[in-house]
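Data first, discussion second: the structure below is written as structure tokens.
The values are calculated or read from the model by the stated rules, or taken from the named source; none is laboratory data. Everything quoted here is computed from the prediction, not taken from an experiment. Heads up, the Cβs are rebuilt from the backbone with ideal geometry, glycines too, and the neighbour counts pull from every protein chain shown.
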Amino acid sequence: MWKPCVLTPSDLNTSAGADGLITAVSDKAWFDAALIREKALVFREFGVAADELEPLLRLLLPDRLPYVHGNSPRTKVGDNVYTSTEYPAELTISMHNELSYSGQWPARLLFYCKQAAATGGATPVVDGERWLASLDPEVRDAFSVGVRYTQNLHDGFGFGRSWQDTFETTDRADVEKVLAAQDCEWEWKPDGGLRIWQVRAATTRHPATGTEVWFNQADQWHPSALDGEAAAALRDLLAPEDMPQSVTFADNSPIPEEYITQIRTRGLDEAVDVNWREGDLLVIDNVLVAHGRRPYTGSRKVLVAMSG
């Protein structure tokens with residue numbers, strides 16, 4: 001079974017600490033090849049402190065990206081460095097590739113553990129090729145037509161995220177430039193909010209290896225992703241077309257809930273947990289590998305950055 005490659009100072013013939021890790025990964029050709037080959041790399045026992053992280057980010061993520069058009073709640077804590085998704089600790093975050101619903105997604109993600117949870121809080125990772133193969137042929141065939149995402153962003157007050165937070169700007173022209181580049185459709189609503197539609201494939205192929213992987217967020221955008229009480233409350237308050245986010249097949253036909261359950265369950269079943277220790281770094285190829293989050297107790301601080 002596939003699992004991330006864990007690398008320690010002794011494995012890399014270097015010293016512990018940020019300087020030792022910088023020395024080890026300064027060979028860009030080696031690092032790039034290792035990441036494609038292994039799909040996910042965990043750097044452990046280096047004891048990297050939070051104030052030592054920036055040089056590693058510059059080295060490993062040379063073209064760091066902002067979290068523009070992201071749909072999960074995060075806090076920006078540095079130069080295109082964010083907290084990991086701020087969903088309640090008791091919830092599982094299902095497997096997904098970052099921004100796979102978008103026309104442009106990061107090629108690489110880096111996670112850094114500033115503080116490990118008291119219990120739980122692992123980051124599960126799954127080989128996208130295995131996830132695809134785990135799905136029933138009926139599900140794979142149904143999704144071959146692609147998926148249609150609908151997103152409603154408010155103007156500063158409402159459910160979900162505002163368009164200003166989502167696109168890190170208050171300029172509508174900047175938003176429209178991003179959406180046009182991503183081949184989205186959109187409309188500005190009378191209340192100042194923004195509605196976005198985008199049709200995407202359900203799978204993609206890695207640009208270097210050609211490997212086909214499951215690559216969409218239908219299970220996270222589907223109404224069944226909400227717990228019963230939250231879903232019922234939103235349905236009482238909002239028309240279907242006004243939900244913060246929703247998804248159908250590309251032809252606008254509904255996606256059966258049993259398909260969504262299978263996708264979510266099998267992705268998590270195929271996943272391997274990265275159990276955090278403070279100072280750990282995890283780098284993943286965002287096409288070859290999807291990630292999520294296990295429930296936890298106590299305080300957990302994991303930071304994330306991404307690159308093209």
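Evaluating V175 against the criteria (1) farther than 28 Å from V274 by Cβ; (2) modelled with pLDDT under 95; (3) buried (at least 16 other Cβ atoms within 10 Å of the Cβ) leaves one unmet condition, (2). Search segment 178-188 for residues being touching a His at 6+ places or on another chain (Cβ under 9 Å) and of a type outside the set (S, T, N, Q), and hand back the single one that is surrounded by the most Cβ atoms within 10 Å (Cβ to Cβ). Among them, the one singled out is L179. Across segment 138-157, which residue is nearest to the chain's Cα centre (by Cα) among those that are under 30 Å from L237 (Cα atoms) and surrounded by fewer than 17 Cβ atoms within 10 Å (Cβ to Cβ)? By that ranking, first place goes to G146. The helices (runs of 4 or more DSSP H) located wholly in segment 189-308 that include 3 or more residues which are of a type in the set (A, V, I, L, M, F, W, C) and buried (at least 17 other Cβ atoms within 10 Å of the Cβ) occupy 257-270.
Looking only at residues of segment 110-137 that are surrounded by fewer than 16 Cβ atoms within 10 Å (Cβ to Cβ) and either free of Cβ contacts under 8 Å to residues at least 40 places away in the same chain or basic (K, R) (or both), we find that the one that is nearest to T265 (Cα to Cα) is A133. Here T166 meets the list (1) touching a residue at least 40 places away in the same chain (Cβ under 8 Å); (2) touching a helix residue (DSSP H, G or I) at 6+ places or on another chain (Cβ under 7 Å) almost entirely, failing just condition (2). Selection of segment 49-87 for residues being exposed (fewer than 15 other Cβ atoms within 10 Å of the Cβ) and either farther than 23 Å from F167 by Cα or charged (D, E, K, R) (or both) yields A49, D51, E54, P55, R58, L59, D63, K76, D79, E86.
Would you please name the residue that is nearest to the chain's Cα centre (by Cα), looking only at residues in segment 251-307 that are within 20 Å of P137 (Cβ to Cβ) and among the polar types (S, T, N, Q)? Out of the qualifying residues, it is T265. Looking at segment 158-172 only, could you name the residues that are surrounded by fewer than 14 Cβ atoms within 10 Å (Cβ to Cβ) and of a type in the set (D, E)? Across segment 158-172, the qualifying residue is only D171.
Could you say whether any residue in segment 277-299 is at pLDDT below 95 and farther than 26 Å from D127 by Cβ? No, every residue in segment 277-299 fails to be at pLDDT below 95 and farther than 26 Å from D127 by Cβ. Inspect segment 136-143 for any residue being closer than 22 Å to L99 by Cβ, at pLDDT 95 or above, of a type in the set (A, V, I, L, M) and outside any strand (DSSP E or B) and give the result as yes or no. No, that holds for no residue. Being small (G, A, S) and buried (at least 16 other Cβ atoms within 10 Å of the Cβ) is the requirement here; does A33 meet it? In short, no. For segment 169-183, the set of residues classified as farther than 20 Å from S100 by Cβ and either acidic (D, E) or assigned to a loop (DSSP other than H, G, I, E, B) (or both) consists of T169, T170, D171, D174, E176, listed by residue number.
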